[in-house]
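Data first, discussion second: the structure below is written as structure tokens.
The values are calculated or read from the model by the stated rules, or taken from the named source; none is laboratory data. Since we're looking at a predicted model, the values are computed, not measured. We place every Cβ from the backbone using ideal geometry, glycine too, and count neighbours over all the protein chains shown.
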Amino acid sequence: MPRRLALRGVALLYLLVILLAPLGMVFYRTFQHGLEPVWQTLSDPLTVHAFEITLIAAAVAVPLNTVFGVLCALAIVRRRFRGKGLLNAFIDLPLAVSPVVVGLALYLLYSRTGWFGPWLGAHGIQVLFALPAIVLATIFVSVPFVAREVIPTLRELGNEQEQAAATLGATRWQRFWRITLPSIRWAVIYGVILTTARCLGEYGAVAVVSGRIEGKTETATTRVDDLVQNFQTSGAYAISVVLAAIAIGVLVLMMLTKPKEAV
Amino acid sequence: MSIEVRNVSKRFGTFTALDDVSLDIPENSLTAILGPSGSGKSTLLRVVAGLERPDSGEILLSGEDATRLAPQRRDVGFVFQHYAAFKHMTVRDNVGFALSIRKRPKQEIRERVDELLELVQLSGFADRYPSKLSGGQRQRMALARALAAKPRVLLLDEPFGALDARVRAELRDWLRRLHEEVQVTTVFVTHDQEEAMEVADRVAVLDRGRLEQVGAPAELYDAPASEFVLRFVGDAVRLGSRLVRPHEVVLRRWPSDGAVEVEIERIAVLGADVRVDLADGAGERLSARLRRDELEELELERGEIVWATAEASVRDAEAGHALG
């Protein structure tokens, strides 16, 4: 009995010190002087703009990576082809490589001396230090989540139900929409939630390629950093709280949507 | 719809699942494909359904080449061993799937599903999910689903294999009656010779990818074309140099021409029949099946020495080898 309590105590203490204390500190600091200053910083046009940029990047990255993730999972689970192992490994690359390195790689690729930079520059397309770079960086770092959620579910599903649908007259397209997709829907939803969370929280790669120009290419996360650098800590706290609240909201949403039906 | 399988071969890597199989299945027949596991019987059924493409050979449905036709265009109903129920749909939506794919009016789908659920005795279960059904109920749902679009061929892959013995016996009986009610060419795969003999009009025996024999159940039993069929369809025992059925063994208290001297090891009463376990001088074991009154007439006891012969319809083991 005491040993079990000890185990529980250690686990809880660890979580408290590592996770909850910093989070609690941010919340405490933010609301230390009431709601008024919080609202003031959040309604600052520059902050609103930063949130807009973050949301735009997420709005592009999430649908793209959802479609790509589902297609990748289907290819990896259902098809045999050369380089399948490589594809499987590449999907995890964004998890393995530090976002700063991702940012640097994008920077090199799209700079005036990179592979894509000169051609794009000649056609008047500005990628670096502009919205396209932010979107690209966000897409890159949030690639793995949908595929990683969907692959095990597809494996478990097998393809017997789809074969049954085929013998019942369903075309490939009908089989996908009426059998496969409904069967993996929870995995896709989890994947989308995790992808969204990752997009909103992205800092490292975006920090390198965005240029962090106030009111232009600043995202919510880079603005937190900039405000801290300029000793405007109350603004930084407020934005952090919003980001943390979104993350907590995502976790709660995942818990609530967890399917209860026996499959 | 008649089915013709012509010289079909199929390999999976180095494993030969089907080796030059040719088989005619007449319209509206009820045929069993019987064989041990790994004999290629499921592959043959899947080739007919279009779920596997043969490496060579042809499949003709109603006399027309269907070898390259996609499964959804073959007009077949297929029932899987593990039901392949659409887990995210109710029983009603499962059964109505083929009709909803064909964009039939809602009212028509409703009526047809009700009719089918009645047929498979699942009328009260329309709004349940498959996870809330027993194995036997799921399999009946899968059957109703396969029949919904009125296929011209019904294919069943070990349909009762995952069910317990009592439910299996019920469903066998039920499949037989269903086939009489719904006239459709039916082919089912099984490894259970009793199931094949009991349900089917015709049985095709497969062994290691090769078709051994096709015929009525009685033909296979009485005139097996090979030693494999003899051993696989019904019991067979070796008596001297011959393979015979246990019920063909005759026991006498005196020697006669070709009779083998055996010792009675055990007598087991199985209701109206008796199984007598015997061992010959070389230690080879065999068993005879007698009627109980025959045993009583002979007054046989354990440990006694008797002479075993077989009735006229026996096959020579040498001939059996030649056929195999």
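When A:THR217 is tested against (1) touching a Leu at 6+ places or on another chain (Cβ under 8 Å); (2) within 14 Å of another protein chain (Cβ to nearest Cβ), only condition (2) is not met. In segment A:113-129, is there at least one residue being at pLDDT below 90 and crowded, with 21+ Cβ neighbours inside 10 Å? The answer is yes, given that some residue of segment A:113-129 is at pLDDT below 90 and crowded, with 21+ Cβ neighbours inside 10 Å. Is it the case, given these coordinates, that B:ALA32 is surrounded by 22 or more Cβ atoms within 10 Å (Cβ to Cβ), facing chain A (nearest Cβ under 10 Å) and not β-branched (Val, Ile, Thr)? Answer is no for this residue. Within segment A:100-111, is there a residue that is outside any helix (DSSP H, G or I) and either touching a residue at least 60 places away in the same chain (Cβ under 8 Å) or surrounded by 15 or more Cβ atoms within 10 Å (Cβ to Cβ) (or both)? Yes - at least one qualifying residue is present in segment A:100-111. Residue count for segment B:122-155 under the criterion of being loosely packed, with under 15 Cβ neighbours inside 10 Å and either basic (Lys, Arg) or out of contact with any helix residue (DSSP H, G or I) (no Cβ under 7 Å at 6 or more places or on another chain) (or both): the result is 5. Among the residues of segment B:96-106, are any under 23 Å from B:LEU175 (Cα atoms), in the same structural domain as B:GLY209 (by TED's automatic domain parsing) and either assigned to a strand (DSSP E or B) or free of Cβ contacts under 8 Å to residues at least 40 places away in the same chain (or both)? Among the residues of segment B:96-106, not one is under 23 Å from B:LEU175 (Cα atoms), in the same structural domain as B:GLY209 (by TED's automatic domain parsing) and either assigned to a strand (DSSP E or B) or free of Cβ contacts under 8 Å to residues at least 40 places away in the same chain (or both), which makes the answer no.
Of the residues making up segment B:247-276, those that are farther than 20 Å from B:LEU230 by Cβ and either of a type in the set (Val, Ile, Thr) or in contact with an Asp or Glu (Cβ under 6 Å, 6 or more places away or on another chain) (or both) are B:VAL262, B:ILE264, B:GLU265, B:ARG266, B:ILE267, B:VAL269, B:VAL274, B:VAL276. The single condition from (1) surrounded by fewer than 16 Cβ atoms within 10 Å (Cβ to Cβ); (2) closer than 18 Å to B:THR31 by Cβ; (3) within 12 Å of chain A (Cβ to nearest Cβ) that B:ARG73 fails is (2).
Within segment B:256-282, the residues that satisfy the criterion of being exposed (fewer than 14 other Cβ atoms within 10 Å of the Cβ), without any contact (Cβ under 8 Å) to a residue 24 or more places away in the chain and within 34 Å of the chain's Cα centre (by Cα) are B:ALA268, B:VAL269, B:LEU270, B:GLY271, B:ALA272.
Per-residue answers, yes or no, for (1) within 14 Å of chain A (Cβ to nearest Cβ); (2) under 23 Å from B:ALA196 (Cβ atoms):
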{"site": "B:PHE12", "(1), (2)": "yes, no"}
{"site": "B:ASN28", "(1), (2)": "no, yes"}
{"site": "B:LEU51", "(1), (2)": "yes, yes"}
{"site": "B:HIS88", "(1), (2)": "yes, no"}
{"site": "B:VAL95", "(1), (2)": "yes, no"}
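Here is a list: A:ALA164, A:ALA187, A:ALA170. Which entry is modelled with pLDDT of 90 or more, within 14 Å of another protein chain (Cβ to nearest Cβ) and not in a helix (DSSP H, G or I)? So that I can check it myself, show each step before the final result.
On the way: A:ALA164 fails: not in a helix (DSSP H, G or I); A:ALA187 fails: not in a helix (DSSP H, G or I).
Testing whether each residue is modelled with pLDDT of 90 or more, within 14 Å of another protein chain (Cβ to nearest Cβ) and not in a helix (DSSP H, G or I) leaves just A:ALA170.
Scanning segment B:160-180 for residues that are farther than 12 Å from B:GLU198 by Cα, assigned to a helix (DSSP H, G or I) and small (Gly, Ala, Ser) yields a single hit, B:ALA165. Screening B:VAL182 against (1) closer than 28 Å to B:PHE228 by Cβ; (2) at pLDDT below 90; (3) among the aliphatic types (A, V, I, L, M) leaves a single unmet condition, (1).
For every residue, the table says whether it meets (1) among the small types (Gly, Ala, Ser); (2) surrounded by fewer than 24 Cβ atoms within 10 Å (Cβ to Cβ); (3) within 14 Å of chain B (Cβ to nearest Cβ); (4) under 27 Å from A:ALA89 (Cα atoms).
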{"residue": "A:VAL141", "(1), (2), (3), (4)": "no, no, no, yes"}
{"residue": "A:ALA147", "(1), (2), (3), (4)": "yes, no, no, yes"}
{"residue": "A:GLU156", "(1), (2), (3), (4)": "no, yes, yes, yes"}
{"residue": "A:GLN174", "(1), (2), (3), (4)": "no, yes, yes, no"}
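Wholly within segment A:204-263, which helices (runs of 4 or more DSSP H) include no fewer than the required count, namely at least 1 residues that are in contact with a Lys or Arg (Cβ under 8 Å, 6 or more places away or on another chain) and either at pLDDT below 90 or surrounded by 18 or more Cβ atoms within 10 Å (Cβ to Cβ) (or both)? If you could, list the steps in order and put the result at the bottom.
Values: elements: A:204-209, A:220-229, A:233-257.
Because the criterion is at least 1 residues that are in contact with a Lys or Arg (Cβ under 8 Å, 6 or more places away or on another chain) and either at pLDDT below 90 or surrounded by 18 or more Cβ atoms within 10 Å (Cβ to Cβ) (or both), the helices (runs of 4 or more DSSP H) in segment A:204-263 that meet it are A:220-229, A:233-257.
Being within 21 Å of A:ASN88 (Cα to Cα) and either assigned to a helix (DSSP H, G or I) or modelled with pLDDT of 95 or more (or both) holds for only one residue in A:ILE179, A:ILE151, and it is A:ILE151. With respect to being buried (at least 23 other Cβ atoms within 10 Å of the Cβ) and out of contact with any Lys or Arg (no Cβ under 7 Å at 6 or more places or on another chain), B:VAL48 fits the description.
On the stretch given as segment B:175-200, residues that are in contact with a helix residue (DSSP H, G or I) (Cβ under 8 Å, 6 or more places away or on another chain) and farther than 15 Å from B:VAL233 by Cα total 9.
Is it fair to say A:ALA137 is in contact with a helix residue (DSSP H, G or I) (Cβ under 6 Å, 6 or more places away or on another chain), over 16 Å from A:ALA96 (Cα atoms) and part of a helix (DSSP H, G or I)? For A:ALA137, the condition - in contact with a helix residue (DSSP H, G or I) (Cβ under 6 Å, 6 or more places away or on another chain), over 16 Å from A:ALA96 (Cα atoms) and part of a helix (DSSP H, G or I) - is not met.
Of the listed requirements (1) at the interface with chain A (Cβ under 10 Å from one of its Cβ atoms); (2) surrounded by fewer than 24 Cβ atoms within 10 Å (Cβ to Cβ), B:ILE59 misses just one: (1). With respect to B:ARG110, determine if the residue is part of a helix (DSSP H, G or I), surrounded by fewer than 20 Cβ atoms within 10 Å (Cβ to Cβ) and assigned by TED's automatic domain parsing to the domain that holds B:THR31. Yes; evaluated as a whole, the condition is true for this residue.
When you go through A:ALA164, A:ALA170, A:ALA133 one by one, which is the residue that is touching a residue at least 60 places away in the same chain (Cβ under 8 Å) and in contact with a Phe, Trp or Tyr (Cβ under 8 Å, 6 or more places away or on another chain)?
On the way: A:ALA164 fails: touching a residue at least 60 places away in the same chain (Cβ under 8 Å); A:ALA170 fails: touching a residue at least 60 places away in the same chain (Cβ under 8 Å).
Only one candidate qualifies: A:ALA133.
Report whether or not B:ARG68 is closer than 15 Å to B:PRO151 by Cβ and either away from chain A (no Cβ under 14 Å) or not in a loop (DSSP other than H, G, I, E, B) (or both). So B:ARG68 fails the test. Filtering B:VAL233, B:VAL237 for residues that are under 30 Å from B:ALA218 (Cα atoms), without any contact (Cβ under 8 Å) to a residue 60 or more places away in the chain, in contact with a helix residue (DSSP H, G or I) (Cβ under 6 Å, 6 or more places away or on another chain) and buried (at least 18 other Cβ atoms within 10 Å of the Cβ) leaves a single hit, B:VAL237. Here B:ASP93 meets the list (1) under 28 Å from the mean Cα position of the chain (by Cα); (2) under 24 Å from B:LEU163 (Cβ atoms) almost entirely, failing just condition (1). Looking at segment B:244-258, is at least one residue of a type in the set (Phe, Trp, Tyr) and farther than 30 Å from B:ASP24 by Cα? Scanning segment B:244-258, I find at least one residue that is of a type in the set (Phe, Trp, Tyr) and farther than 30 Å from B:ASP24 by Cα, so the answer is yes.
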